[in-house]
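The values are calculated or read from the model by the stated rules, or taken from the named source; none is laboratory data. Just so you know, these numbers come straight off a predicted model, no measurement behind them. Positions of Cβ are generated from backbone atoms using ideal geometry, with glycine treated the same way; all protein chains shown enter the neighbour counts.
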Amino acid sequence: MSLAREHGADIIGNTHLHTTAADRLLQTADIAGVIDAAPEGPRILTGDFNARATAAEMQPIYSRFLDSWLEAPAPTAENPGGLTSPARLSSNPTSRIDYVFVSPDVEVSV
């Protein structure tokens, strides 16, 4: 995970997690530790988490962040579930593994 903070600006992180649940569980625990140790302030975490929202390894993320897709006032008619995977031109996505998470003090708008 990369983490950026400059001159009191928001904390912004980006990640691309492993394809196995066991590895992702370790990675999300590490991310939680980094976030918990960071200074207070607005936070944004984005990335390819390779996991559905209900996966156990996503709990450390959901306990610290809001899912911006769920917070958005009006999901798009073309993709109401925010599905992102698989990303193929020949078919539509069937699951959601890519996310933009925000801390509760970040306002989400469309």
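So the values come out like this:
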read-out: Leading residue by the ranking (farthest from residue 43 (Cα to Cα)) among those in the stretch 70-110 that are among the acidic types (Asp, Glu) and within 14 Å of the chain's Cα centre (by Cα); value: 98
read-out: Residue check for residue 95: free of Cβ contacts under 8 Å to residues at least 40 places away in the same chain, of a type in the set (Gly, Ala, Ser) and loosely packed, with under 15 Cβ neighbours inside 10 Å; value: no
read-out: Total residues in the stretch 72-92, condition closer than 30 Å to residue 39 by Cα and surrounded by 11 or more Cβ atoms within 10 Å (Cβ to Cβ); value: 1
read-out: Any hit, the stretch 2-25, residues being in contact with a Leu (Cβ under 8 Å, 6 or more places away or on another chain) and at pLDDT 95 or above; value: yes
read-out: Helices (runs of 4 or more DSSP H) wholly inside the stretch 17-110 containing at least 2 residues that are acidic (Asp, Glu); value: 21-37
read-out: Tabulated pairs, the stretch 34-59, first at positive phi and surrounded by 14 or more Cβ atoms within 10 Å (Cβ to Cβ), second among the hydrophobic types (A, V, I, L, M, F, W, C) and not in a helix (DSSP H, G or I), C-beta under 9 angstrom, 6+ apart or interchain; value: 47/1; 47/17; 47/100; 47/101; 50/17; 50/97
read-out: Cβ-Cβ under 7 Å pairs, at least 6 apart or on other chains, the stretch 79-91 side closer than 15 Å to residue 52 by Cβ, far side among the small types (Gly, Ala, Ser) and modelled with pLDDT of 85 or more; value: 83/95; 85/95
